[in-house]
Amino acid sequence: MSGGDSLAVELRDIGKAYRFYNRPQDRIVEVLFRRKRHHLHIALSGITLDVHRGETFGLVGENGAGKSTLLKLVAGTIRPTSGRMRVNGRVAALLELGAGFHPDETGRDNVMLMAALNGIPGRAMDDYYARVTEFAELPADVLARPVKTYSSGMFMRLAFSAATAVDPDILVIDEALSVGDMHFQKKSLNRIMDFRKAGKTVLFCSHNLYQVRSLCMRAAWIHQGRIMALGETEHVATAYEGYEREKEGASREASRQMGSAAPSVSGLAPVRFLDASIETTDGVNPAYVETFQPLRLAIEVESHRADLPFHVGFAIVRNDKENIFGTSTHFRDPGHPIRGEGRHRVVVLFPSFPLQSGDYLLSVYVLDDTGIQVIDMAEGIRPFRVLHRGREIGLVYLEHEWEAVS
Amino acid sequence: MTARLPLFLLWLRRDIKSRYAGSIMGIFWAVLSPLLTISLFYVLFAHIFKVRVPELASDTGFFYYLLTGILPWLAMSEGLARSTGVLAAYEQFLQKQPFPVAILPTTAVIAALLPQVVGTVVLIFLLATNGLFRPSALLYLPYLLCMQIAMTLGLGMALSILALHVRDLLQAVPISLQFVFYATPILYPLNMVPAEYHHLFVLNPFACLIMGYQHAFLGTSTGNLVLLAIPLWGLALGLGGYLLFRVLKPTLGETL
């Protein structure tokens with residue numbers, strides 16, 4: 001096949017169907033009497049997709065859409081029912097954290113087994129072990145204990161480290177990015193970023209569209225076993241979002257109207273969102289905002305960690321959850337993160353607020369210095385109304401000039 | 001294959017360790033439980049049923065006979081019983097972790113050899129101290145052990161993959177093994193069986209192998225047909241089981 005070398009994963013018209021039987025003996029009846037007794041469950045059909053070498057590729061879709069089946073196919077734990085596939089390079093799969101771990105064995109023995117599982121030869125094992133334990137940040141006495149005595153956070157840290165310390169060409173990850181505490185989540189994300197920088201291929205699925213958008217170059221939306229959208233991440237994520245919004249429908253809208261009731265992520269975040277206010281010439285948090293008024297948006301946060309640089313982002317959201325506009329301090333140029341303990345205030349000025357009449361809400365995000373990890377957030381807060389005195393229709397006033405009216 | 005050896009050894013260690021983890025006697029159960037079984041049979045068959053083996057006239061003759069036969073039997077039956085269920089037990093795991101599947105039944109079969117190895121050393125020691133040890137047994141031993149592993153491994157691999165599709169095997173294999181146990185001359189010498197049935201024992205691979213062990217260690221007389229059957233059974237079960245496993249392996253993970 002031409003250009004095969006630049007492809008890490010090559011799937012051609014892949015289908016995966018499971019046979020299931022109402023009664024176990026039906027399986028025998030089918031074999032002996034050649035009588036069809038099975039029902040087919042089609043997990044995937046007509047999947048054609050290429051993942052290029054060095055690409056970070058995301059899979060989005062609902063639960064049960066077939067994302068995990070697709071990852072298992074690439075990982076080689078199941079095989080397709082139809083179609084052709086090629087996986088070029090060594091695959092490390094992270095389909096379930098700690099799948100190869102035994103609770104009665106020590107952390108050390110479990111890691112050693114993972115080394116053997118990934119074909120790491122005897123000499124390189126010690127080196128591998130050192131890398132795993134360094135990344136997992138577990139002390140030697142903990143590693144000498146059976147894994148069943150670990151907290152779930154410790155367990156996941158070790159499992160994630162063991163799975164990613166191998167040096168694969170292709171890394172397959174299923175929903176494993178939100179592991180452990182904040183600090184470790186960030187480290188795990190950084191590890192994925194390192195893989196990306198090292199030119200490795202990463203294939204992962206996630207429910208977190210923000211993560212998919214930030215990490216992936218291309219993506220595919222899988223729906224009921226088929227590819228609904230494939231290509232640039234932004235297109236795919238938007239298409240999927242549109243579908244989700246449609247599905248959620250108007251019922252959600254009503255509850256969203258409650259606005260400020262939506263709480264922030266947790267009171268324990270190291271950088272906390274405190275307050276957001278809107279200021280116009282009519283004062284702070286006015287009854288309504290007029291279109292074309294200068295509008296100042298002030299966000300207050302409090303940092304409890306001097307060593308955690310962060311960014312602040314916000315979005316203006318219509319009351320039906322539609323994002324109107326959002327930006328973040330890391331989109332500035334240069335986008336230096338905010339540092340230091342204590343209170344911080346981020347103020348944005350809209351010299352001439354262009355939204356037309358409607359009800360809007362704010363969502364505020366505190367992000368880490370990469371802009372990927374969400375440290376704290378408050379969605380759907382501070383409802384405000386905009387009134388447009390003019391007669392133009394629509395959501396937003398677009399600058400325009402009538403050049404000829406004859 | 002070479003890359004799989006370290007994995008196999010670690011998996012074997014995990015299998016043995018984890019089975020006895022948390023118990024006070026730990027790994028000693030591997031020796032203790034066959035010891036109790038052997039004691040029970042010894043008291044029952046040597047002192048109550050008064051079974052005597054013609055070639056071994058001494059009082060303890062039956063004990064040696066029992067030990068020679070039951071050590072490989074326990075290893076084989078345990079290996080088979082455990083390998084039958086092993087793929088069914090690890091089915092979920094195998095979907096989540098790329099893994100050389102054959103290691104699972106192999107580990108079950110090989111781990112079960114542990115008590116046999118310890119017991120055989122004890123048997124040789126006992127025979128030697130009583131002047132009954134036959135040095136030629138050391139020549140037979142590796143050969144018989146190879147045949148034993150070939151039979152058990154082949155059968156174990158086949159059963160492990162078949163049990164995924166026919167779950168009834170999980171129940172049927174242990175009870176069938178009990179029948180085979182009594183159809184194998186372990187608790188009784190063959191001469192207690194009516195002569196017209198002797199040729200039927202050739203059809204029992206376990207009986208052939210165990211008569212081979214008894215012949216090698218104790219010098220009991222065994223028909224040439226039986227001795228010839230050992231390598232044939234080893235080849236048939238070993239190769240047949242392996243091929244069946246190879247053919248059915250793609251069906252793994254299809255039984256959702």
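Taken together, the values in this text are just the output of simple stated rules run on the coordinates, not laboratory data. Just so it is clear, the model here is predicted, and its values are computed rather than measured. Please note: Cβ atoms are built from the backbone with ideal geometry, for glycine as well, and neighbour counts cover all protein chains shown.
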Student exercise, the protein assembly as shown dipole from Lys, Arg, Asp, Glu Cβ charges, in Debye to nearest 20: 2060
Shielding of A:99-109 by partner chains, average beta-carbon count, 10 Å: 4
Residue with peak Gaussian network fluctuation, chain A [Cα springs, cutoff 10 Å], from A:271, A:348, A:366: A:348
Cα-based reach from residue A:36 at 13 Å (exclusive), listing aspartates and glutamates while leaving out same-chain residues under 8 positions away: A:26
Residue with peak Gaussian network fluctuation, chain A [Cα springs, cutoff 10 Å], from A:54, A:15, A:242: A:242
Calculated P(r) tail over 22 Å for segment A:69-167, as whole % of Cα pairs: 33
Calculated SAXS-style log₁₀ I(q)/I(0) at q = 0.13 Å⁻¹ - segment B:2-255, Debye, Cα scatterers: -0.86
Coarse-grained scattering of segment A:1-129 at q = 0.09, 0.14, 0.20, 0.22 Å⁻¹, given as base-10 log I(q)/I(0) from a Debye sum over alpha-carbon atoms: -0.42, -0.86, -1.13, -1.22
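Can you put A:328, A:82 in order of Cβ neighbours within 10 angstrom, beginning with the fewest?
Ranked by crowding around the Cβ, least crowded first: A:82, A:328.
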Amide hydrogen neighbours beyond the local backbone of residue A:271, cut-off 5 Å, H modeled: A:304
Sequence-distant residues sharing a close amide H with residue A:229 (under 5 Å, placed H): A:221
Debye intensity ratio I(q)/I(0), log10, segment A:76-235, q values 0.20 Å⁻¹ (C-alpha model): -1.36
Calculated over segment B:110-256: convex hull of Cα atoms, volume per residue (Å³): 125
Most positive-pole-ward Cα, B:89, B:243, B:161, against dipole of segment B:2-255 from beta carbon charges: B:89
Under 20 Å from the Cα of residue A:72 - aspartates and glutamates, other chains or at least 8 residues apart: A:10, A:13, A:50, A:55, A:62, A:96, A:167, A:169, A:174, A:175, B:91, B:254
Phi to ³J(HN,Hα) by Karplus 6.51 cos²θ - 1.76 cosθ + 1.60 over segment A:384-399, Hz, x for Gly, Pro: 9, 10, 10, 10, 10, 6, x, 10, 5, 9, x, 7, 9, 8, 9, 4
Overall Cα dimensions of segment B:1-120, principal axis frame, Å, largest first: 57, 32, 24
Size of segment B:59-127 as Cα extents on the principal axes (Å, biggest first): 56, 17, 11
Within a Gaussian network of chain A (alpha carbon springs, distance under 10 Å), most fluctuating of A:339, A:34, A:272: A:34
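For segment A:122-208, state the average projected area of the convex hull of the C-alpha atoms over all orientations, rounded to one decimal in nm². Intermediate values should be presented prior to the final figure.
On the way: hull surface 25.4 nm².
For segment A:122-208, the mean projected area of the Cα convex hull comes to 6.3 nm².
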J(HN,Hα) series, segment B:157-166, from Karplus relation 6.51 cos²θ - 1.76 cosθ + 1.60, nearest Hz, glycine and proline x: 5, 4, 5, 4, 7, 5, 5, 5, 9, 10
Averaged over B:10-17, number of beta-carbon atoms from partner chains that fall within 10 Å: 4
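Work the Kirkwood hydrodynamic radius out for segment B:181-256: mean of 1/r over every pair of different alpha-carbon atoms, inverted, in Å. Present the calculation step by step, with values, prior to reporting the outcome.
Details: mean 1/r = 0.0706 Å⁻¹.
With all distinct Cα pairs of segment B:181-256 included, I get 14.2 Å.
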Residue-by-residue Karplus 3J(HN,Hα) for segment B:115-126, coefficients 6.51, -1.76, 1.60, Hz, glycine and proline x: x, 5, 4, 4, x, 5, 4, 4, 4, 4, 4, 4
Sequence of B:76, A:125 once ranked by neighbouring C-beta atoms within 10 Å, starting from the fewest: A:125, B:76
Percent RCO, i.e. relative contact order, over chain A, from Cα pairs under 8 Å lying at least 6 residues apart: 14
Spherically averaged projected area in nm², based on the convex hull that wraps the Cα atoms of segment A:319-406: 8.7
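Report the GluC sites (Glu not before Pro) located in segment A:114-202 that are in a DSSP loop and have at most 15 other Cβ atoms inside 10 Å of their Cβ, or state none. Could you put the intermediate results ahead of the total?
Working: sites: A:134, A:137, A:175; in loops: A:137, A:175.
Taking segment A:114-202 and a limit of 15 other Cβ atoms within 10 Å, the loop GluC sites (Glu not before Pro) found are A:137.
Arranged by the count of other C-beta atoms within 10 angstrom, fewest first, what order do B:29, B:233 take?
B:29, B:233
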10 Å-binned pair-distance histogram of chain A (Cα, whole percent): 4, 17, 23, 24, 17, 9, 4, 1, 0
Globularity ratio of segment B:108-165, using Cα Rg and 2.2 N^0.38 Å: 1.48
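Any idea what the dipole of segment B:2-255 comes to, in debye rounded to 20, about its Cα centre with Lys/Arg Cβ at +1 and Asp/Glu Cβ at -1? Before the final figure, lay out the partial values.
On the way: 13 positive and 8 negative charges, 119 e Å.
Charge dipole of segment B:2-255: 560 debye, to the nearest 20.
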Selection from A:353, B:61, A:193, by position along the positive dipole direction of the protein assembly as shown (Cβ): B:61
Segment B:5-71: mean projected area of Cα convex hull, nm²: 6.4
Straight-distance crosslink candidates among lysines, where the alpha carbon sits under 21 Å from residue A:148 and sequence neighbours closer than 8 are dropped: B:17, B:96
Alpha-carbon centroids, segment A:302-326 and segment B:1-72: separation in whole Å: 68
